[in-house]
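One structure below.
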Amino acid sequence: MPKSPPAGAAIVITGGETDDRRKAAAALRQAGFAPVEGAAGGPLAATLSGDDQFREEAPVWRDDAAAEVAAATLEQPAALILFNLDHFKRVRAVVGSEIARRLLKEAFARVEDCLKAHDASRGRRGKRRGQVRHVDGDEFCVLMPRLDHSEEAAEFAHAALVAIGRPYEKIAPQVFLTGRAGITLAPHHSRDVDTLFRMVASIVHHESRQGRNTVRVYAPGAVAIAAERFELEAELSRAVRAGELEVHYQPQLCIATNRLVGAEALVRWRRAGIGSVPAEVFIAVAEDLGLIAELGSWVLGTAARQIESWRKAGLPSVRIAINTSAYQFRRLDMVDVVVDALKKTDVAAEFLMLEVTESLVLSEVERTLDALRRLQEMGIKIALDDFGTGYSSLSYLKSFALDCLKIDLSFVRGLPQDAGDVAVTEAIIRMAKALNLEVIAEGVEREEQRACLAALGCDYYQGFLIARPMPADAFGQLLGRGLMVE
Ligand code: C2E
Ligand code: MG
Ligand code: MG
C-alpha cells in the first residue's frame, strides 16, 4: 500500500544506501540480540549518536520480548515490527547531526504516540500494551504482544509510517522523512525472538533499493520473503559451487556512431523449478553470506574465458565490463585475482573494465585507492557504477583512479521531460569531461532518451533500446555481424 511522500517537500532525497544491510548486525548487537550470521564484518555505516538510554534498556527489553514471543498463541499472536528510515545518513549530511538527532527523537515520539493510540483504541492496558525501542541510528523496533488478530500489526505499522512522513515543521520544515516497516509474527513465523528479529531485519534491509521514498508495509504475507530468503541462502551456496550461474552480456554503443564498443557482463541465476532470481537479490544474499568473493571471481574468470573464445573464433574483441562488489576488494587482493584471470586466458588488460560502486570508494579508502591504481596501471579500465545515487561527496572523484562514470538509470528514466533529471545528467557529463572521464549512460529504453544524452555530450550508452543482456552465444553473433549496430 504505497503512499506518496507529503507534498511541499523541498529536499528530495533519492538513491539507495548500499551498506544498509551491514547495519543489521550492528543494530542487533546494540539492541542485545544475537548477531546475524554472515552479516558481520566490514566497516559499519556511521550511526547517529542516538539516545544511550534506549541502548541501556535494550537487554532488559529483549528478555521481555522473548517472554512475550514465547507466550504468543495463534489466537493472540505477537508482532515484532522493525521501522527503518530511508536515506537518513543523507538527511543528516544535509541538516547536520543536531537537527538529525531531533528529527529522530520526533519520529520516535510519533511512532510511540501511534502505538499508544492504537492500544487505547482497543482498550489495552499494562502488559498488553506495545513497546517501542530505538534499535540503531535510524531504526525503531516495536513489540506488540497479544494482538486480537495479525492484521492489527499492519494497520499500526502503516499508521506509524504515515506519521513519520508528516512534515517536521518545527525542526526542519524542508525535510520529509519516509520509512519502511517489516513485520514478523509469533508464533506464525517463529517463537524465537532472535529468529524473528533476523527475519524482520532481512525484510527491511533487503528492500533498500526498491524502497526509495515510499511508505511501505510488509504485511504478513510478505514475510514469506524472509522465509524464502533463508531457503535462497542454502540454494545459492550450492548453485555457486555447482556452477549453475550464467553470465549475460549487454551491448554498449558509442552514442554518436552506434558502433559497438563493449558489453557489461551481468550474472544470471535460473533456479531450478523457480525461474530467474533478480541479480540484486542474490548478489545481496551472496554479500551477506561471504559468497560474493567466490561468485565475483567466477564471473571474472568466466568473462575472461569468453573474451578469449570470441577472439579465437575470429570475432572482433571489445571491452567487457565486470561488476564488482566492495566486499571483493575487502576480502581479496583484487589485483591478484585479476592478474590470475588474465594470465589463465591470455586476454589483454585493455579488454577488461571493472565497475565499482561509490560505497567501495568510501570504505577503506587507502587500500582501495591503491588496488585501483595498480589495476589501472596494468591497463584495466575502472568505471564508477550507479553514479549519483550513493553519497554526495564528490571530492574523492579527483583522487580516485577512474576512467569512466556510469550515469544511473534512475536519472536516465526521466529524460528528456524531467528538468531535474536533465540538469543532473548534464552536470554529471560536464563534470566527467572536466575530469577527463568517459561517460556511459545505462538504462536507455527510448530513442528520445538516447537523443537527449547525445545532445548533452554523453559518450556511450546501453539499455533495452539496443538490447537486453543476452547469453554469450547471442553476443558472439552480434560481434560476428560487425561492430556497426543498426
Ligand atoms: P548495474 O550494474 O547497475 O546493472 C544494470 C542493471 O540494469 C542490470 O540489471 C541490467 O539488466 C538492467 N538494465 C539494463 N538495461 C536496462 C534498461 O534499459 N532498462 C532497465 N529498466 N534496466 C536495464 P541486473 O542484471 O538485474 O543487475 C542488477 C544489479 O546487480 C547490477 O546493477 C549490479 O549492481 C548487480 N550485478 C549484476 N551482476 C553482477 C556481478 O557479476 N557482480 C556483482 N558484484 N554485481 C552484479
Ligand atoms: Mg554495472
Ligand atoms: Mg548501474
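Every number here is computed from the coordinates shown, using simple stated rules; none is lab data. Being a predicted model, the structure only gives us computed values, none of them experimental. Here the Cβ is made from the backbone with ideal geometry for all residues, glycine too, and neighbour counts use every protein chain on show.
Could you line up 237, 359 from fewest to most neighbouring Cβ atoms inside 10 Å?
Starting with the residue having the fewest Cβ neighbours, the order is 237, 359.
At 0.36 nm per residue, and after removing the present C-alpha to C-alpha distance, how many nm does the segment from residue 394 to residue 268 gain when stretched out fully? The partial results should precede the final answer.
On the way: separation 126, 0.36 × 126 = 45.36 nm, distance 3.21 nm.
Between residue 394 and residue 268, full extension yields 42.2 nm more.
Counting other beta carbons within 10 Å of each residue's own, what order do 114, 141 fall into, fewest first? Could you put the intermediate results ahead of the total?
Numbers: 114 22, 141 29.
Sorted ascending by nearby Cβ count, the order is 114, 141.
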Residue 355's amide H: which non-local residues (gap 5+, or another chain) put their own amide H closer than 5 Å, with H modeled 1.01 Å from N in plane and none for Pro or chain starts? 322, 323, 324, 383
Between residue 152 and residue 367, what FRET efficiency comes out of the Förster formula 1/(1 + (r/R0)^6) with R0 = 41 Å and r the beta carbon distance, rounded to 0.05? 0.25
So if I take the alpha carbon set of region 243-480, get Rg, then get Rh from the Kirkwood formula, what is the Rg over Rh ratio? 0.94
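Quick one: work out the % antiparallel among DSSP beta bridges in region 243-480, nearest 5.
So the antiparallel bridges in region 243-480 amount to around 45 percent.
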When the charge dipole of region 243-480 is computed with +1 at the Cβ of Lys and Arg and -1 at the Cβ of Asp and Glu, the Cα pointing farthest to the positive end, of 345, 360, 263, is that of 345
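So between residue 340 and residue 234, what do we pick up on full extension, going 0.36 nm a residue minus the alpha carbon distance?
On the way: separation 106, 0.36 × 106 = 38.16 nm, distance 2.87 nm.
Stretched fully, the residue 340-residue 234 segment lengthens by 35.3 nm.
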Placed amide H near residue 438: partners under 5 Å, 5+ positions off or other chain: 404, 405
Amide N proximity, region 413-442 versus residue 451 label position 7 Å along Cα-to-Cβ, cut-off under 11 Å: 416
Under 15 Å from a point placed 7 Å out from the Cα of residue 242 along the Cα-to-Cβ direction: which residues of region 275-295 have their backbone N that close? 275-277
Assuming 0.36 nm per residue, please report the length gained on full extension of the stretch residue 166 to residue 116 beyond their Cα-Cα distance. 16.2 nm
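Restricting to DSSP loop positions (anything but H, G, I, E, B) with no more than 15 other Cβ atoms inside 10 Å of their own Cβ, which GluC sites (Glu not before Pro) remain in region 60-159?
Values: sites: 68, 75, 98, 106, 112, 139, 151, 152, 155; in loops: 75.
Those satisfying the criteria are 75.
For region 63-111, what is the charge dipole size about the Cα centre, in debye to the nearest 20, if Lys and Arg each add +1 at the Cβ and Asp and Glu each add -1 at the Cβ? Intermediate values should be presented prior to the final figure.
Working: 7 positive and 7 negative charges, 119 e Å.
So the magnitude is around 560 debye.
For a Förster distance of 35 Å, can you work out the FRET efficiency between the beta-carbons of residue 192 and residue 93, rounded to the nearest 0.05? Intermediate values should be presented prior to the final figure.
Values: r = 37 Å, r/R0 = 1.07.
Working from the Cβ atoms, E equals 0.40.
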Distance in nm between residue 109 and residue 426 label points, each 7 Å along Cα→Cβ, equals 4.3
